[in-house]
1. For the range 115-153 and the range 198-253, what is the separation of their C-alpha centers, rounded to whole Å?
2. Rounded to whole Å and ordered largest first, report the semi-axes of the equivalent ellipsoid of the range 148-213 derived from its Cα gyration tensor (root of 5λ).
3. Test of the criteria: in the range 24-107, which trypsin sites (Lys or Arg not before Pro) are in a DSSP loop and have at most 13 other Cβ atoms within 10 angstrom of their Cβ?
4. Once you have the Cα-Cα distance between GLU24 and THR107, take 0.36 nm times their residue separation minus that, and quote the gain in nm to one decimal.
5. Keeping the other protein chains in place, figure out the carbon and sulfur percent of the accessible area of the range 117-192, with a 1.4 Å probe.
6. Starting from the Cα of GLU79, step 7 Å along the direction of its Cβ; do the same at ILE207; then give the gap between the two resulting points in nm.
7. Just flag the GluC sites (Glu not before Pro) in the range 1-103 sitting in loop per DSSP whose Cβ has no more than 13 other Cβ atoms within 10 Å.
8. Run the reach check for LYS158 against aspartates and glutamates, Cα to Cα strictly under 20 Å, same-chain hits fewer than 8 apart removed. What comes back?
Amino acid sequence: MRNKFIAGNWKMYRDVEESTQLAEAIKNILKDVGPSEVEVAVCPPFTSLCAVNSVIKGSNIKLGAQNIYPKQEGAFTGEISPLMLRSCGCAYVIIGHSERRQYFGETNESVNEKVKAAIEYGINPIMCVGETLEEREKGVTNDVVKAHVEGGLKGIPKEKLQHVTIAYEPVWAIGTGKTATPEQAQDVHAFIRKLLGALYDDAAAQIVRIQYGGSVKPDNAKELLNKPDIDGALVGGASLKADSFEAIVRFNK
Ligand code: 13P
């Protein structure tokens, strides 16, 4: 069965020194938590990846980046390649976060290229999908999520699907303090799993972990994470403090 997977998206917060301290604190506070129980990852800004890697190397905490450029190398000023992420110790990369779709013009096509590149170079993508408030109110949540999932996974063969995590992040719940209810989130997660079953098959769909993201906090994590199709959380604000991140990782305590 799927183990839970909790990842912290630090977004554009924490310089190198602050990142090092936060990573130390998270490593120490979670040293008894193994991946068979809950898998844990932190995703600092690019500038802190190597420093955080030095801190968490050999521990149960995995490292993730927040973006990737889908080419091995080349004249792409300002971009970071899959090999560079690997050389910093990244096991994961967040792809297609709504902030990147909103502010940096990412589309289902660019997300798809990045997901393919990440898999090709041995980095596990965390592919973000989710509707805006306007889309939810118009009743097109499932259509939007379907387009994100189908578009992002285009051309990914069944045997590679196990490397993919999908993060359902309703845009209206990100950084707003408004969480989707556990039932609202479960409905969309079940819809995504059914869609994966149709695109691939049921066995493949059962392996994929689907995280929920959007104002996950210590006091709502338990209810969300006990839903059958919610396999983890992608945590923003509450991942920037070791104690609140710990409380989410230990949601069942
Ligand atoms: P918050 O937990 O701050 O709402 O952010 C969620 C998010 O965007 C994680 O990727």
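The values are calculated or read from the model by the stated rules, or taken from the named source; none is laboratory data. Predicted model, so just to flag it, every value in this text is computed and none were measured. Note: ideal-geometry Cβ built from the backbone for every residue, glycine included; neighbour counts use all protein chains shown. Only protein heavy atoms, including side chains, enter the accessible area calculation; ligands, DNA and RNA are left aside. Shrake-Rupley method; radii C 1.70, N 1.55, O 1.52, S 1.80 Å.
1. 17 Å
2. Values: eigenvalues 112, 29, 17 Å².
Semi-axes (√(5λ), whole Å): 24, 12, 9.
3. Details: sites: LYS27, LYS31, LYS57, LYS62, LYS71, ARG86, ARG100, ARG101; in loops: LYS31, LYS57, LYS71.
Those that pass, being in a loop and sparsely packed, are LYS31, LYS57.
4. On the way: separation 83, 0.36 × 83 = 29.88 nm, distance 3.54 nm.
Difference between extended and current length: 26.3 nm.
5. Details: 1570 of 3250 Å².
It is 48 percent, rounded to a whole number.
6. In this crude label model, GLU79 to ILE207 measures out at 2.9 nm.
7. Numbers: sites: GLU17, GLU18, GLU24, GLU37, GLU39, GLU73, GLU79, GLU99; in loops: GLU37, GLU73, GLU79.
Within the range 1-103, the qualifying GluC sites (Glu not before Pro) (loop, at most 13 other Cβ atoms within 10 Å) are GLU73.
8. LYS158 reaches GLU109, GLU113, GLU120, GLU150, ASP201, ASP202, ASP229, ASP231.
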